[in-house]
Amino acid sequence: MITGASRGLGLEFARQYGADSWTVLATCRDPVGVGELATIAGDIQVHGLDVTDHAQIERLADELSGVAMDVLINNAGLYGPRMDDADAVDYAQWRQVMETNALSPLKVATAFTPHVAAGSLKTIATLTSKMGSIADNTSGGAYIYRSSKAAVNAVMRSLAWDLKPQGINVILLHPGWVKTDMGGSNALIDAETSVSGLRRVIAETGPRETGSFFNYDGAPIPW
Ligand SMILES: NC(=O)c1ccc[n+]([C@@H]2O[C@H](COP(=O)([O-])OP(=O)(O)OC[C@H]3O[C@@H](n4cnc5c(N)ncnc54)[C@H](OP(=O)(O)O)[C@@H]3O)[C@@H](O)[C@H]2O)c1
């Protein structure tokens, strides 16, 4: 199951897993106007899901009750305004980005933990960013996005410990700087390269790696 599958990396995850004969539960805010998602090959089952709508998350978890999920990918994310100037931070937009990037992944993960526990790979992967690494922050700025990704890193690290007894692997993934609407056209890699690497990391990690933060090429990233 993938959140935010309407475009960018989420769409590419759906495309690659679909081409690889997986059953893909592709979720997005607007399941009617899905555009490209509707045209991709494979067993793609589209469900409406705004990850900030907790009631909708619970309804979908109920609807899919009994469905085993090998991999849950918390991909949906928001950059928000760049906000490099501490004096000019837009606090309302900051709250919205925190809601999407830090709170929603936990709500989705906990709602679907029974589904993941019933799967064979038992993996919950969350798309975070190197910009959320405190160790790697040598240039400052981007208050909103950085803090939201640092927060989700802390959240998922805790969840990894909580779900360890169930053998569930909780990992954090940096996709690289990718050419999507968020990454922009100057980014360094395309979505296909990023997602191929991320899928390899997902396939090659298990309970021993739970609570780790990886680059798309498998290299560990400092917190
Ligand atoms: N691209 C990069 O260079 C880069 C680098 C580091 C980390 N990341 C992370 O990778 C993930 C995917 O990024 P991307 O580059 O593919 O971004 P993107 O092109 O901007 O796409 C974002 C996706 O998230 C969805 N989304 C946003 N808010 C949502 C909500 N409330 N409910 C459901 N879906 C929602 C969007 O849906 P709509 O179509 O409905 O808006 C869209 O499908 C994000 O978590 C991002 O922070 C990206």
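Any read-out appearing in this document is the output of simple, stated calculations on the displayed coordinates, not a laboratory observation. The shown structure was predicted, so the numbers you read here are calculated from the model rather than taken from an experiment. Glycine also receives a Cβ, built like all others from the backbone with ideal geometry; neighbour counts cover every protein chain displayed.
Overview of results
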item	result
Exposure proxy order (Cβ contacts within 10 Å, fewest to most) of Ser148, Ser196, Ser21, Ser212	Ser21, Ser196, Ser212, Ser148
The chain - share of DSSP beta bridges that are antiparallel (%, nearest 5)	5 percent
Approximate spin-label separation Asp190-Ala118, in nm, with each point projected 7 Å along Cα-to-Cβ	3.8 nm
20 Å Cα cut-off, lysine pairs counted over region 8-215 (separation 8 or more, or different chains)	7
Extension gain from Thr23 to Trp223, taking 0.36 nm per residue of separation minus the Cα-Cα distance	68.7 nm
Stretch gain in nm, segment Ala38-Asp84, where the contour uses 0.36 nm per residue and the Cα spacing is subtracted	12.8 nm
Calculated from backbone phi, Karplus (6.51, -1.76, 1.60) coupling profile of region 47-53 in Hz, x at Gly/Pro	10, x, 7, 9, 5, 8, 9
Computed helical MRE - 222 nm, the chain, DSSP H runs ≥ 4 contributing -39500 (n - 2.57), nearest 500	-10500 deg cm²/dmol
Unit charges on C-beta of K, R, D, E only; dipole of region 8-215, Debye	540 debye
Rg/Rg_ref, the chain, where Rg_ref = 2.2 N^0.38 Å and atoms are Cα	0.95
Net charge over other residues, Cβ less than 15 angstrom from the Cβ of Gly35 (K, R count +1; D, E count -1)	-1
Among Ser104, Pro31, Ala92 the positive-end extreme of the charge dipole of region 8-215 (Cβ point charges)	Ser104
